[in-house]
Amino acid sequence: MDLTSVKDVLAQIWTAATSPVPSPAQPVVLAAGLVALAVVLVGPVWRTARHVITIAHEGAHALVATLTGRRLDAIRLHSDTSGLTISAGRPRGFGMVATTFAGYVGPGLVGLGAAWLLRAGYAVGLLWLLVALLALLLLKIRNLFGLWSVLVAGVGLVGVSWFLDEPAQAAVAYAVTWFLLLGSVRPVLELQAQRRRRAARQSDADQLARLTGLPGLFWVLVFLAVTVGALALGATWILGPVPLSA
């Protein structure tokens, strides 16, 4: 592919990403939400789909680490849906607290941002933005399974964004957004269940407890408040009318 062809492809992507599209009919929006809810609630499906939440979780750690001045060294994603983000900097202080806090609230806040874009009519733009974020994440992935999982997610989104028509793209964008919002809550509940069994002593909540002196349960409740709040507000935006520009 020559330089002119690359420019043409990028121009097409930019035009598609920055052009508002009509929102799907309300039954389609509700159906997308029900599908996402089923994925979250059905155990075998959730165990596979949870990798998407892990990608958002570790991506949030990575983004906040970078924004607070820490040096981001590596991101690893594992087949058991766990992940690890390694950054260097002061072992205590605001940067470390913010970086540790970001993980569990990250998927819900990404979902909230996605809902805002849908409300503005940028369903296709949301898909391409997610592709760009996954591409940036690849730069710091340091294990084979992590590379594979991010590539699969990215290729899937590129396929939807390039080959499907606008109504289908919008339906997928709504389903992804619903999944991020709904799927952000279950890991917090799972975290507390593991903590009750004393099986998560190195969890983000327990690390925050050591960093701040506040109990781990306090941080779990904060995670829950943020994710449920993002779900409630995001659902309001998704189910409301999309203000299309003239």
Condition check: at pLDDT 95 or above, over 26 Å from Val9 (Cβ atoms) and in a helix (DSSP H, G or I). Does Thr85 satisfy that?
no
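When you check Leu217 against the structure, is it open to solvent by 60 Å² or more (accessible area, probe 1.4 Å), more than 22 Å from the chain's Cα centre (by Cα) and on the phi < 0 side of the Ramachandran plot, yes or no?
On the way: open to solvent by 60 Å² or more (accessible area, probe 1.4 Å): yes; more than 22 Å from the chain's Cα centre (by Cα): yes; on the phi < 0 side of the Ramachandran plot: yes.
Answer is yes for this residue.
Tell me, yes or no, whether segment 105-121 has at least one residue that is open to solvent by 20 Å² or more (accessible area, probe 1.4 Å) and over 17 Å from the mean Cα position of the chain (by Cα). I'd like the intermediate steps shown before the answer.
Within segment 105-121, the first condition is being open to solvent by 20 Å² or more (accessible area, probe 1.4 Å), and the residues that meet it are 109-110, 112-113, 116-117, 119-120.
Still in the running and over 17 Å from the mean Cα position of the chain (by Cα): 119-120.
Among the residues of segment 105-121, at least one is open to solvent by 20 Å² or more (accessible area, probe 1.4 Å) and over 17 Å from the mean Cα position of the chain (by Cα), which makes the answer yes.
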Could you please find all residues in segment 1-27 being surrounded by fewer than 16 Cβ atoms within 10 Å (Cβ to Cβ), among the hydrophobic types (A, V, I, L, M, F, W, C) and in a helix (DSSP H, G or I)?
Leu3, Val6, Val9, Leu10, Ala11, Trp14
More than 19 Å from Leu224 (Cα to Cα), outside any helix (DSSP H, G or I) and not β-branched (Val, Ile, Thr) - does that describe any residue in segment 40-59?
no
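From the residues in segment 183-205 that are open to solvent by 30 Å² or more (accessible area, probe 1.4 Å) and either at pLDDT 95 or above or assigned to a helix (DSSP H, G or I) (or both), which one is farthest from Gly154 (Cα to Cα)? First the steps, then the outcome.
Within segment 183-205, the first condition is being open to solvent by 30 Å² or more (accessible area, probe 1.4 Å), and the residues that meet it are 186, 189-190, 192, 194-199, 201-202.
Now restrict to residues that are either at pLDDT 95 or above or assigned to a helix (DSSP H, G or I) (or both): 186, 189-190, 192, 194-196.
Working: Arg186: 23, Leu189: 28, Glu190: 27, Gln192: 31, Gln194: 31, Arg195: 33, Arg196: 36 Å.
Of everything passing the filter in segment 183-205, Arg196 is farthest from Gly154 (Cα to Cα).
Out of curiosity, is Thr99 surrounded by 22 or more Cβ atoms within 10 Å (Cβ to Cβ), without any contact (Cβ under 8 Å) to a residue 60 or more places away in the chain and touching an Asp or Glu at 6+ places or on another chain (Cβ under 8 Å)?
Values: surrounded by 22 or more Cβ atoms within 10 Å (Cβ to Cβ): yes; without any contact (Cβ under 8 Å) to a residue 60 or more places away in the chain: yes; touching an Asp or Glu at 6+ places or on another chain (Cβ under 8 Å): no.
Spelling it out, it is not the case that Thr99 is surrounded by 22 or more Cβ atoms within 10 Å (Cβ to Cβ), without any contact (Cβ under 8 Å) to a residue 60 or more places away in the chain and touching an Asp or Glu at 6+ places or on another chain (Cβ under 8 Å).
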Residue selected from segment 153-178 under the condition touching a Pro at 6+ places or on another chain (Cβ under 7 Å) and at pLDDT 95 or above, by the criterion most open to solvent (accessible area, probe 1.4 Å):
Ala171
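The values are calculated or read from the model by the stated rules, or taken from the named source; none is laboratory data. Fair warning: this is a prediction, and the values are worked out from it, not measured in the lab. Neighbour counts run over all protein chains shown; Cβ positions are idealised from the backbone, glycine included. Protein only, heavy atoms only, side chains kept; ligands, DNA and RNA dropped before computing areas. Shrake-Rupley method; radii C 1.70, N 1.55, O 1.52, S 1.80 Å.
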